[in-house]
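Notes for the one structure printed next.
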Amino acid sequence: MSCAQTHLHQVALETKDYKTDAKPFWCPGCGDHGVLTAMYKALAEIGVDPNYLVNISGIGCSSRLPYFVRSYKMHTLHGRAGPVATGVQLARPDLAILVNGGDGDGFSIGGGHMPHLARKNVNMTYVLMDNRIYGLTKGQVSPTSQRKMKAYTTPYGGVEEPMDPVLYMLTYGASFVAQSLATNVKMTAQLIKDGMEHKGFAFISVLSQCPTFNVIDDAKYFKGAAEEVSPDHDVTSVDAAMHVVNVGHETGRIPVGLLYRQERPTLDEYMADLVKQAGGGPDYDLRKIIDLARP
Ligand SMILES: Cc1ncc(C[n+]2csc(CCOP(=O)(O)OP(=O)(O)O)c2C)c(N)n1
Ligand code: SF4
Ligand SMILES: [Mg+2]
C-alpha cells in the first residue's frame with residue numbers, strides 16, 4: 001500500500017508500536033519530549049511501515065530522537081544529517097526519510113548544507129528542534145539565540161542578531177515550510193504528517209524549549225509569542241509566506257502553522273528521468289547511472 005508520498009509504505013500500527021526499548025533521557029520539561037510524542041502520532045496516523053522508514057540525525061540533544069523511534073537509523077556527524085540523508089534517499093527512493101536535528105546542528109555547523117537540500121528538493125522530511133541554544137554541550141549561544149542572551153560563551157550577553165530558519169528555507173526554495181511549538185503536540189503531529197506526505201523537501205521548524213540552558217525562550221515565552229497563520233493565508237505564495245514571517249519579526253510574534261507548499265519534481269525524479277533518457281529502463285536505480293556512465 002502507498003499513500004500520497006511516492007512509495008511511502010504503510011501498515012496498520014499504533015503509536016506505541018513506534019517506540020523502541022530505549023526510554024527518552026532528555027531533561028524533565030525539555031521540549032524534545034513533545035516533538036517525539038508528535039512524531040509517534042504522525043507516524044501512526046500515516047501508518048508508516050518501520051521497515052521502510054529511515055530516521056537520520058546529526059549530533060545534539062535533539063539528534064538523539066531516532067534512538068526512540070522504531071526505524072532504521074543513522075546518528076551521523078554533527079551537521080551532516082542532510083547530506084547523509086540525501087545519499088540514502090537517492091539510493092533507495094522507496095524509503096521514507098525523516099531527519100531530526102537542532103539549531104546548532106542544522107544552522108551553525110550544518111548551515112551550508114541546508115540551501116542545497118531545499119533547492120534540490122530532496123524527498124525528505126526535516127524536523128528542526130530549535131531551542132535557540134546548544135543544549136548537549138551545556139549552553140552556548142546558537143545562530144537562533146536572541147541577541148543579548150547570556151550563556152557560557154557570552155557572559156556579558158550576545159552581540160549577534162539571530163537568524164530565522166524558516167525565512168532561510170523559504171529563501172532557498174524548500175517546497176514545504178511550516179513552524180510549530182513542541183508544546184502543541186497536535187499541531188506538530190499534523191505538520192509532520194503533512195510534511196511526510198508531501199513529495200519533496202519538507203522543512204518543519206519546531207520551537208522546543210530547553211529549560212536547563214535557555215531560560216529566556218521558555219515554553220511560556222514561545223506560547224505567548226506564537227500566532228497561528230490566518231486561514232486566509234495563501235500557502236502557494238512564497239511572497240505571502242515571507243511576508244507573514246517578516247511581519248512577525250516586526251511585531252515580536254512567531255507564526256505557526258503551514259506557511260508554504262509547492263509541488264515540483266524531486267531530485268530522485270530528475271535522476272530517474274536521466275536513467276530513462278540514457279536507455280536505462282523505467283526503474284530508478286542509482287547503480288544504473290554509474291553503470292551507464294562507464295565507457
Ligand atoms: C565537528 C563537531 N564540532 C562540535 C561538536 C560539539 N557539539 C556537539 S552537539 C553541539 C551543538 C548542539 O546544539 P544543537 O544542534 O542546537 O542541539 P541541541 O543539543 O540544542 O538539541 C556541538 C557544538 C561536535 N560533536 N562535532
Ligand atoms: S539540556 Fe536542554 S535540550 Fe538537552 S535534554 Fe536538557 S532541556 Fe533538553
Ligand atoms: Mg539547540
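Whole-Hz Karplus values for the stretch 110-125 come out as x, x, x, 8, 4, x, 7, 5, 6, 5, 7, 6, 5, 6, 7, 10 Hz, taken residue by residue from phi with 6.51 cos²θ - 1.76 cosθ + 1.60 and θ = phi - 60°; glycine and proline positions read x.
Computed from backbone phi with θ = phi - 60° and the Karplus coefficients 6.51, -1.76 and 1.60, the 3J(HN,Hα) list for the stretch 198-210 is 6, 8, x, 7, 9, 10, 10, 8, 10, 6, 10, 5, 10 Hz; x is used for glycine and proline.
Between Thr171 and Gln277, residue separation times 0.36 nm minus the direct Cα-Cα distance comes to 35.0 nm.
Taking amide H atoms as placed 1.01 Å from N in the peptide plane, the amide H of Leu8 lies under 5 Å from those of Cys3, each 5 or more residues away in sequence or on another chain.
Between the residues Pro143, Ala174, Ser63, the greatest Cα displacement towards the positive end of the dipole of the stretch 15-264, with unit charges on the Cβ of Lys, Arg, Asp and Glu, is found for Ser63. Amide H contacts under 5 Å for Leu53: Tyr72, Ala96, restricted to partners 5 or more places along the chain or on a different chain, H placed in the peptide plane at 1.01 Å from N. With the highest mean first, a sort of the peptides 22-35, 77-90 on other beta-carbon atoms found within 10 angstrom per residue produces 77-90, 22-35. The order of the peptides 9-21, 62-74, 194-206, 121-133 by mean Cβ neighbours within 10 Å, most packed first, is 121-133, 194-206, 62-74, 9-21.
Compute the angle between helix 238-251 and the longest alpha-carbon principal axis of the chain, please, reported from 0 to 90 degrees and rounded to the nearest 10. Computed tilt is about 10 degrees.
The lysines within cross-link reach of Lys223, meaning a Cα-to-Cα straight distance under 20 Å and a gap of 8 or more places when in the same chain, are Lys186.
In this label model, Ala22 and Arg253 are separated by 3.9 nm, measuring between points 7 Å along each Cα→Cβ vector.
Taking θ as phi - 60° and the Karplus parameters 6.51, -1.76 and 1.60, the scalar couplings of the stretch 33-43 work out to 4, x, 5, 5, 4, 5, 5, 4, 5, 5, 4 Hz in sequence order, x denoting glycine and proline. Remark on Val122: its backbone amide H falls under 5 Å from those of Phe201, Leu267, a criterion applied only to residues 5 or more positions apart or on other chains, H modelled at 1.01 Å from N.
Only the coordinates and a few stated rules stand behind these numbers; no lab work does. Being a predicted model, the structure only gives us computed values, none of them experimental. Note: ideal-geometry Cβ built from the backbone for every residue, glycine included; neighbour counts use all protein chains shown.
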